[in-house]
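Below you will find the structure I want to go over with you.
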C-alpha cells in the first residue's frame, strides 16, 4: 500500500513509480520525492530506513502508535508526528488517525494507519498549487499540514454546533431531555479533551517548522506556513473556549435541576400547609372535652367555615407570592 511521486525542477514528472527506484532520484538535488506508506510492516520500515538513511529513534517512533504530536530534529532529517481528525456524523465521537512524516532535504515520507487520513485530499492540494512545487520539500509539507489543520478546524466547528444544539435543550421540562443533556455534556467534554490533546501541540510543531535554521520553509513559502499557524492558533483557542462552554453547560444544567427541585419543594410545602389547616381544625374539634358548639350543629358549621376560610386565605397568599 504505497504511493510515490517525483518532482523535477518543480514539475511533476512521475507518479506511482516502483519504490525500488527511489534510490535513483533521492540523491539528485534537482528532484523531490514523496513516498506514502499505509499500514506498514517491519519490511517497509527497514526499506525506508535504508533508502533515506533515517535515524533509528525516528523509525522506532514511527513504529509505535499513539505518539504525541511533535517535531524531532536529527542531523539529516526531521521527524513529525501529527493526527488527522474526523467526527462521526451520528455520535459526534472524535476519530484520530496518526500520521508520521520524515522530512529530508528533498523528500517527504508519510506513514499512516487506517483510512481516516484521506491522502487523496492532500494530493489535491498539491495539484491545486503546482506553481509552488519549485520551492522544495516545504511545498509538500505545507500541503500535508494544511490538510491536517483544516481537519482539526472542521472538527472544532462540528463540536461547536453540537454544543449549541445542547444549549437549546437546557430549559426543556421533559425528564427525557434532562437525561439527554447530561449524557451529551459528558460525551462532548470527553471528545473535547481528546481533540485538545491533538490540536494543542500542533502550535509547537508548526512554529518549529518556521525556524529558519531548519531550512525546510523557504522564504516564498513562509506566508503559507504563517497562514497554517494562524489556523492552528484559532483551532486551539476555539477548543479551549468550547471546553469552558461545556463546563458552563454542565454547571447550568445542575443549577436548572436544583431550581426545579426547589420549585417542586416550594409547591409541595405550600400544599402541605394548606392541608394542615383542616387537619388542625378537625383535630381540635375531635377532643373528648366540652367546648363551644360541642354536640351542636353550630360547632360543625363553625369548624367547616374555619377550615374553608383559612385554606382559601393560605391559597390566596401562596398564589400571590408565586409559591404555587
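State yes or no: is residue 205 touching a strand residue (DSSP E or B) at 6+ places or on another chain (Cβ under 9 Å), in a helix (DSSP H, G or I) and in the same structural domain as residue 140 (by TED's automatic domain parsing)? Walk me through how you get there before you give the answer.
Details: touching a strand residue (DSSP E or B) at 6+ places or on another chain (Cβ under 9 Å): yes; in a helix (DSSP H, G or I): yes; in the same structural domain as residue 140 (by TED's automatic domain parsing): yes.
Yes: the conditions hold for residue 205.
Residue by residue, here is whether (1) surrounded by 12 or more Cβ atoms within 10 Å (Cβ to Cβ); (2) at pLDDT below 75; (3) not in a helix (DSSP H, G or I) holds:
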{"position": "284", "(1), (2), (3)": "no, yes, no"}
{"position": "289", "(1), (2), (3)": "no, yes, yes"}
{"position": "295", "(1), (2), (3)": "no, yes, yes"}
{"position": "305", "(1), (2), (3)": "no, no, no"}
{"position": "312", "(1), (2), (3)": "yes, no, no"}
{"position": "317", "(1), (2), (3)": "yes, no, no"}
{"position": "324", "(1), (2), (3)": "yes, yes, yes"}
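Yes or no: residue 51 at pLDDT below 90, over 16 Å from residue 195 (Cβ atoms) and in contact with a helix residue (DSSP H, G or I) (Cβ under 7 Å, 6 or more places away or on another chain)?
Taking the combined requirement at face value, the residue satisfies it.
Turning to a different aspect of this structure: Just to confirm my filter: which strands (runs of 3 or more DSSP E) fall fully inside the range 1-68 and include at least 3 residues that are surrounded by 15 or more Cβ atoms within 10 Å (Cβ to Cβ)?
Numbers: elements: 2-8, 11-15, 31-38.
By residue number, 2-8, 31-38.
With respect to residue 167, determine if the residue is surrounded by 13 or more Cβ atoms within 10 Å (Cβ to Cβ), touching a helix residue (DSSP H, G or I) at 6+ places or on another chain (Cβ under 8 Å) and modelled with pLDDT under 90.
Numbers: surrounded by 13 or more Cβ atoms within 10 Å (Cβ to Cβ): yes; touching a helix residue (DSSP H, G or I) at 6+ places or on another chain (Cβ under 8 Å): yes; modelled with pLDDT under 90: yes.
So residue 167 passes the test.
What are the pairs with Cβ atoms under 6 angstrom where one residue, in the range 251-272, is under 15 Å from residue 317 (Cα atoms) and the other, located anywhere, is surrounded by fewer than 12 Cβ atoms within 10 Å (Cβ to Cβ)? Sequence gap at least six, or different chains.
So the pair list comes out empty.
If you don't mind, another one. From 155, 101, grab the single residue that is within 30 Å of residue 245 (Cα to Cα) and either surrounded by 16 or more Cβ atoms within 10 Å (Cβ to Cβ) or in contact with a helix residue (DSSP H, G or I) (Cβ under 9 Å, 6 or more places away or on another chain) (or both).
Being within 30 Å of residue 245 (Cα to Cα) and either surrounded by 16 or more Cβ atoms within 10 Å (Cβ to Cβ) or in contact with a helix residue (DSSP H, G or I) (Cβ under 9 Å, 6 or more places away or on another chain) (or both) holds for just one of 155, 101, which is 155.
The values are calculated or read from the model by the stated rules, or taken from the named source; none is laboratory data. Not measured: the values here are computed from a predicted model. No Cβ is skipped: glycine too gets one built from the backbone with ideal geometry, and neighbour counts run over all protein chains shown.
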